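This report concerns only the one structure given below.
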Amino acid sequence: MIDTYANTSMFFAPGNHENGSFAVDKFFNYTRPDDAELNGYGEHLQDYYSFDYASGHFIVLDTNDASEKGLGKKQLAWLEDDLASTDKEHIFVIMHKSLFSTGAHANDAEVVKMRDQLVPLFDEYGVDMVFGGHDHVYAEANVDGTLYVTLGTMGTKFYEYTNDNETVKESLDEEKSLLHTLSEQTFGHVAVKDGVVYYRGYTLTDLIEGIEEEEE
């Protein structure tokens with residue numbers, strides 16, 4: 001296990017349990033740019049960041065910075081600048097609170113507002129995939145060409161399945177989601193080959209019917 005962690009690159013999005021605890025900064029050594037490179041967005045940038053890998057641009061958001069007014073203004077401005085600046089072929093977004101979930105948090109005020117804010121923005125800049133969590137359920141929704149995945153959990157805490165949000169219900173891919181309360185762990189795998197993004201969802205013991213998203 002130690003060898004695996006020592007030879008694996010890992011990138012983390014802060015979740016609600018890290019809110020106010022500074023746990024991400026305590027346990028992970030992030031290299032931060034000088035203030036001059038932050039374009040005026042300030043120290044909070046340490047909790048949302050982006051990086052490039054191969055043909056992909058990866059954006060990690062901090063949803064602890066969201067309220068009933070949506071994502072914070074500074075983070076939202078940084079996100080728009082970052083999306084506009086990348087020239088990578090594929091864009092992936094990682095955020096703790098899922099925008100399209102079959103759990104109770106899909107109706108939280110800040111999640112509802114972030115759906116209004118971010119879905120059109122992700123569509124405008126051609127984001128390929130958005131990964132979320134928070135609700136420990138597994139769901140896939142394809143909205144305006146962007147695949148939204150709520151990845152479930154690798155722990156043993158499972159949230160009750162519910163689908164009483166009309167916005168989520170309309171967008172949900174029922175054949176590729178698990179329409180029940182989970183009883184085992186789930187995870188996803190992404191690969192890019194010849195300009196095509198391939199995604200598969202898995203339970204710990206089996207393949208969830210996945211998608212092959214061709215680049216337009």
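The values are calculated or read from the model by the stated rules, or taken from the named source; none is laboratory data. Computed from a prediction, not measured in an experiment: that's the story for all the values here. All Cβ positions, glycine included, derive from the backbone under ideal geometry; neighbour counts span all protein chains shown. Only protein heavy atoms, including side chains, enter the accessible area calculation; ligands, DNA and RNA are left aside. Shrake-Rupley method; radii C 1.70, N 1.55, O 1.52, S 1.80 Å.
So, with a 1.4 angstrom probe, what is the percent of accessible area on the chain that is carbon and sulfur?
Carbon with sulfur: 48 percent of the solvent-accessible area.
What accessible area per residue comes out for the chain, rounded to a whole number of Å², with a 1.4 Å probe?
55
Quick one: net charge of Lys113's neighbours, Cβ under 10 Å, K/R +1, D/E -1?
So the surrounding residues net to -2.
Counting Lys +1, Arg +1, Asp -1, Glu -1, what net charge surrounds Gly188 among other residues with beta carbon under 10 Å of its beta carbon?
Net of charged neighbours comes to 0.
Lys and Arg at +1, Asp and Glu at -1: add these up for the other residues within a Cβ distance under 12 Å of Glu68 and post the number.
Here the count lands on -1.
Under 1.5 on a/c is rounded, so check that first for the range 117-216, then, if it is not, pick prolate when a/b is larger than b/c and oblate when it is not; a ≥ b ≥ c are the square roots of the alpha carbon gyration tensor eigenvalues.
oblate
Give me the one-decimal nm value for the distance between modelled label points at Glu170 and Ser9, 7 Å along each residue's Cα-to-Cβ direction.
Inter-label distance under the simple model: 3.9 nm.
I need the phi-derived Karplus couplings for the range 99-110: 6.51 cos²θ - 1.76 cosθ + 1.60, θ = phi - 60°, integer Hz, Gly and Pro marked x.
7, 10, 10, 9, x, 5, 5, 4, 9, 4, 4, 6
Exactly which trypsin sites (Lys or Arg not before Pro) in the range 47-147 are in a DSSP loop and have at most 15 other Cβ atoms within 10 Å?
Taking the range 47-147 and a limit of 15 other Cβ atoms within 10 Å, the loop trypsin sites (Lys or Arg not before Pro) found are Lys69, Lys88.
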